[in-house]
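The structure appears below as structure tokens.
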Number of protein chains: 2
Amino acid sequence: MTGFSEDTSAQVVAESFTGTPDPRLKQVLTSLVEHVHAFVKDVELTDAEWQQAIDFLTATGHMCDGTRQEFVLLSDVLGVSMLVDAINNRKSAAATDTTVLGPFHMVDSPPRELGANISLDGNGEPCVFAGQVRSSDGTPLPGARVDVWQANGAGYYDVQQPGVQPERNLRGLFVTDDDGRFWLRTVVPRYYPIPDDGPVGRLLAATKRHPNRPAHIHVIADAAGHAPLTTHVFVEGSPYLDSDTVFGVKESLIRPVTDVDDPDRARHYGVANPFRLIEFDIVLDRVVSNEVRR
Amino acid sequence: MTGFSEDTSAQVVAESFTGTPDPRLKQVLTSLVEHVHAFVKDVELTDAEWQQAIDFLTATGHMCDGTRQEFVLLSDVLGVSMLVDAINNRKSAAATDTTVLGPFHMVDSPPRELGANISLDGNGEPCVFAGQVRSSDGTPLPGARVDVWQANGAGYYDVQQPGVQPERNLRGLFVTDDDGRFWLRTVVPRYYPIPDDGPVGRLLAATKRHPNRPAHIHVIADAAGHAPLTTHVFVEGSPYLDSDTVFGVKESLIRPVTDVDDPDRARHYGVANPFRLIEFDIVLDRVVSNEVRR
């Protein structure tokens, strides 16, 4: 190994990985080195800035524990999580758009009957959340699983407030009926800040970015013969829809909370008339031996 | 903020930094996002690989403490430290080449008289280390400071073996004589592995890279009116000269350990004749109001 210079650095380092047994690891490291070296050269990183970067990464690592993942937050606010989501969820134009899983799906959602109320603390404005799961050719999908979790009307998930919120508050795993439909009672979620008392919060402050995510309900939908789909439905009119700090919003995923005056539907959903409703249909792509059929 | 996609991701995220008050921070973050997104797209990073990356960074952060800096090691083995060194130490062709500072200059070197023996534990083969500090036009530089530190004959620095090696073993801060010359007694250093019991060591193992650095003596030279220079002299014939795991070797910095039979020089250096000698002259660039004169 000789000839390390500004011009040759990435090549010299890439050569050190030529003996890597796993070809994918070799490919990833070679590309990583090319892009990281290109970044350092592009900005002509100073010694002091390099030291700042070392200190930032170290503080980010020290912030991580069993319930806090600061590197995931960093990936989120740099749009890396959403880019990985986009690359790994290419789909047909008909299928519902995906968005990030987020860090709060850390406990299993409890199985619940259609129409159940997942708001165990009653914190928030009551509403019905309902929709239909269909295949991309329009066929309804009975027996599809719809996993739902969300923050309460104060903007907190159950796992953020142990002892304050009931366990498994605002979580439920539902199965669609013979017509592919699901419905449940919940509350309208509130927007909330990602945890911003660590290095990522300081980065956001230094760039005058706010730490907030607009109000949303998380959904994972899964049906036999179809690609599982992880997404959110965003609440129309919520603050921060145009500046989600993790870049998760897609226009196609925004839904209004509508006022419904319909005694028959109220009876069907098991609520008093009139009521408020968020409707969100979900379209899944079929899979045939690991290929998505579009 | 709308329209996040594989094609637009870097641009959308860069736009989130437009309100950053510090223009340099804005520049660095914008470039970082461009290059990191380009990397993710280049390799089409999978969800599982993204999770591996999060876990690797977290483990690297958890390995860092007051005496261990795993992110610096990561920067070193990816050649980033040497690239930052190259960018920040552009110099005239006449000046001595630079290389990385390394992590072991964590204590001040004690001032010592010319000819002093810095080997306090006697571990290693005795030798004289000597040279002349000159300006790039050839003028000797009296009163220049030469800061020297190195591993012993077993490949360990004093700070790695507290209680085993004497404090400040193999460290010394010297001042050149009227002819710009310095000389001191020491031992021939041994090659050594960087700490490899953490995530960076596992990365090296997975890529079949060894963790070793060839034998070297660290030097910082500093003279009035000149740019300070941080470098090593590498011991000719040492293992790993062609594969330094931190990419620090430059051909111009390799010197032989010569056998000298010269009673007058032995008397001058204060050693018995014959003796072994590493000679290393150091050439500094002048600075005039922060500009390097070549």
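The figures follow:
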| item | result |
| --- | --- |
| Fluctuation leader among B:Gly66, B:Gly122, B:Gly201 - chain B, Gaussian network, Cα springs under 10 angstrom | B:Gly66 |
| List A:Ser92, A:Ser243, ordered by accessible area with a 1.4 Å probe, largest first | A:Ser243, A:Ser92 |
| Ranking by accessible area, most exposed first, for B:Leu101, A:Leu141 with a 1.4 Å probe | B:Leu101, A:Leu141 |
| Positive minus negative residues near B:Cys64 (Lys, Arg vs Asp, Glu; Cβ under 11 Å) | -2 |
| Interchain or long-range residues, amide H under 5 Å from B:Val283's placed H | B:Thr96, B:Arg134 |
| Kyte-Doolittle at least 0.0, axis length at least 18 Å by Cα - qualifying DSSP helices, chain B | B:23-43 |
| Sum of -39500 (n - 2.57) over DSSP H runs of 4+, divided by residues of chain B (222 nm, nearest 500) | -8000 deg cm²/dmol |
| Highest-fluctuation residue, B:Gln165, B:Gln132, B:Gln51 considered, GNM on chain B with Cα pairs under 10 Å | B:Gln51 |
| Estimated vicinal HN-Hα couplings, Hz - segment A:137-142 in sequence order (Karplus 6.51, -1.76, 1.60; Gly, Pro = x) | 8, x, 5, x, 10, x |
| Average beta carbon contacts from partner chains per residue of A:280-286, 10 Å cutoff | 0 |
| Accessible area buried, both sides summed, chains A and B with 1.4 Å probe, Å² | 6300 Å² |
| Of B:Val43, B:Val233, B:Val133, the one that fluctuates the most in a GNM where chain B has Cα springs shorter than 10 Å | B:Val43 |
| Residue-level accessible surface for A:Trp50, protein heavy atoms, 1.4 Å, Å² | 50 Å² |
| For the protein assembly as shown: accessible area per residue (Å², 1.4 Å) | 43 Å² |
| Shape of segment B:1-45, Cα gyration tensor, a/c cut at 1.5 | oblate |
| Of all accessible heavy-atom area on segment A:1-97, the percent that carbon and sulfur account for (1.4 Å) | 56 percent |
| Pseudo-label separations to other copies for A:Gly270 - Cα-to-Cβ vector, 7 Å, nm | 9.1 |
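The values are calculated or read from the model by the stated rules, or taken from the named source; none is laboratory data. Model, not experiment: these values are computed from the prediction. Methodologically, a virtual Cβ is constructed for each residue, glycine included, from the backbone with ideal geometry; neighbour enumeration extends over all protein chains shown. The accessibility values were calculated without ligands, DNA or RNA, using every heavy atom of the protein model including side chains. Shrake-Rupley method; radii C 1.70, N 1.55, O 1.52, S 1.80 Å.
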